[in-house]
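One structure is given below, encoded as structure tokens.
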Amino acid sequence: MPEPLRHKILLDEDEMPTRWYNVLADLPTPPPPPLHPGTGQPVGPEDLAAIFPMDLIAQEVTTERYVDIPQEVQDVYRLWRPSPLFRAHRLEKALGTPARIYYKYEGVSPAGSHKPNTAVPQAYYNAKAGIRKLTTETGAGQWGTSLAFACAQFDLECEVWQVRASYDAKPYRRIMMETFGGTVHPSPSDLTQAGRTMLASDPASPGSLGLAISEAVEVAAQDPTANYALGSVLNHVLLHQTVIGEEALLQLAKVGESVDLIVGCTGGGSNFGGLTFPFLREKLQAGGAGPVIRAVEPASCPSLTQGTYAYDFGDVAGLTPLLKMHTLGHDFIPDPIHAGGLRYHGMSPLVSHLYEEGLIEAVAKTQKDCFAAGVLFARTEGIVPAPEPTHAVAAAVDEAIRCIETGEEKVILTALCGHGHLDLPAYDAYLRGDLVDHTWDDTELQQSVAAALTRLPAIPG
Ligand SMILES: *Cc1c(COP(=O)(O)O)cnc(C)c1O
């Protein structure tokens, strides 16, 4: 009899990491700071205090290598953490690859994705600061669901602006948010100035993530008992997600594997940063020896591979600080691809900086290629991936196929950052042959960026 195959590498609850890792402590050069749109100067804590609690503002700028995870947060994390690491034996066999593929599965969380890893500490620190309500935006509904769950844990109200197109197309996510106690508005809404302005110019506007952010920020900024919570992009969000990579390091050590390639999908960069930063720490400590780290983005919203590295707003109305990032322009409206979480015009300043420094690579993939890989994954491993991580799965499959040609036994690690149980219409469209691919040419994208940048305030120096 052959040895039974080991599929899952599990950690006990008491092996869960008790601190988050801050990659800022180890970077060769610091990323450029966020700027105040009025003064063009770096934003200070007082500029952010209208919408964020001090503990999170401190985490946004800290250069301490580690931040302790509060006991109250660990207690909620343990509802689903540590999350399993799987060896994809059956996918490997179907491909006939000599590569070994591992995936860290975050779909076991209450929301079905990695997002509760940051929603829970954000709700905790806001509740601790005496805040009564959190506002936010959501696209596909993953972030809104995660924040509604987290708010329920700490007795906070949760008010969500959901991009109109998803609000209409994805009623199950709205129902899940409401089940967790959240209130959901379609965006654009007539509850905010930003929403009313958009409705006046286009009453049938499908909305966008950038506009929904404007609405949620506007409401939080005007209510002293309310704050705003962002599900990706910012340093403190990526910090909270590093619990993924810290666990994966422990799990791979248990089976004596060292990784050659890490691939992750990037919308705003949080699941990617969360998985890869602890590995980057080890790589920097080893003088650069370690895995290749590769971000995978949709060809229809290619901020890293085709965007410009520049200061831009995080939202449409220009309420956020200016962030130095790879951007397609703050009013870029990507095609309505099914991977809603990857439809963001910008990229986390940390991930953008790492890309500029040559510490990570990036590739773009079309949604048809990604769903093909997602379906193969479902048929072999038995998990239907969310549309977003099908990008990571597709890139892992690409590399595994290259290994067939070269004979290399590479170890590939990927983040399966969510399941697709509430995204089945997307699979339906793929299986019926109804998916359309759109890729932008460089000229169109450069025009979008140039137009957005002319609307920015002057930046001194
Ligand atoms: C939100 C989301 C993403 C995109 O956000 P990142 O910050 O880039 O991780 C990707 N996958 C899933 C399942 C999501 O919910």
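The values are calculated or read from the model by the stated rules, or taken from the named source; none is laboratory data. Because the structure is a prediction, the values reported are computed rather than measured. Note that we place each Cβ from the backbone using ideal geometry, even for glycine, and neighbour counts take in every protein chain shown. All accessible areas refer to the heavy atoms of the entire protein, side chains included, with ligands and DNA or RNA removed. Shrake-Rupley method; radii C 1.70, N 1.55, O 1.52, S 1.80 Å.
Assorted remarks:
- Degrees, to the nearest 10: 209-222 long Cα axis against longest axis of the chain: 50 degrees
- Highest to lowest packing among 291-303, 195-207, scored as the average C-beta count within 10 Å: 291-303, 195-207
- Normalised by the number of residues in the chain, the average gap of Cα pairs under 8 Å and 6 or more apart makes the relative contact order 19 percent.
- One Cα centroid belongs to region 32-59, the other to region 290-335; the line between them spans 20 Å.
- Rounded, prolate or oblate (a/c below 1.5 giving rounded, otherwise prolate when a/b exceeds b/c) for region 328-390 by Cα gyration tensor: oblate
- Degrees between helix 142-153 axis and first principal axis of the chain (Cα, 0 to 90, nearest 10): 80 degrees
- Debye intensity ratio in log₁₀ form over the Cα atoms of region 236-332, taken at each q of 0.14, 0.23 Å⁻¹: -0.63, -1.20
- Protein accessible area in region 306-461, 1.4 Å probe - carbon and sulfur %: 53 percent
- With Cα atoms, 0 to 90° folded angle of helix 367-381 axis to the chain main axis: 50 degrees
- Inter-label distance for Ile401 and Met54, nm, one decimal - labels placed 7 Å from Cα along Cα-to-Cβ: 5.5 nm
- Accessible surface of region 80-225, 1.4 Å probe, proportion on carbon and sulfur as whole %: 53 percent
- The packing ranking, built from the mean of other Cβ atoms within 10 Å per residue, places the peptides 330-336, 382-388 in the order 382-388, 330-336, highest first.
- Cysteines having no other Cys beta carbon under 4.7 Å from their own, within the chain: Cys265, Cys301, Cys370, Cys403, Cys417
- Annotation: peptides 211-220, 82-91, ranked by per-residue average of other Cβ atoms within 10 Å with the highest first, follow the order 211-220, 82-91.
- Using alpha carbons only: equivalent-ellipsoid semi-axes of region 305-461, gyration tensor based, whole Å: 32, 20, 14
- Within straight-line cross-link reach of Lys8, lysines at Cα separation under 26 Å, skipping those fewer than 8 residues along the same chain: Lys93, Lys104, Lys115, Lys254, Lys283, Lys410
- Heavy-atom accessible surface of the chain, averaged per residue, reaches 38 Å², computed with a 1.4 Å probe.
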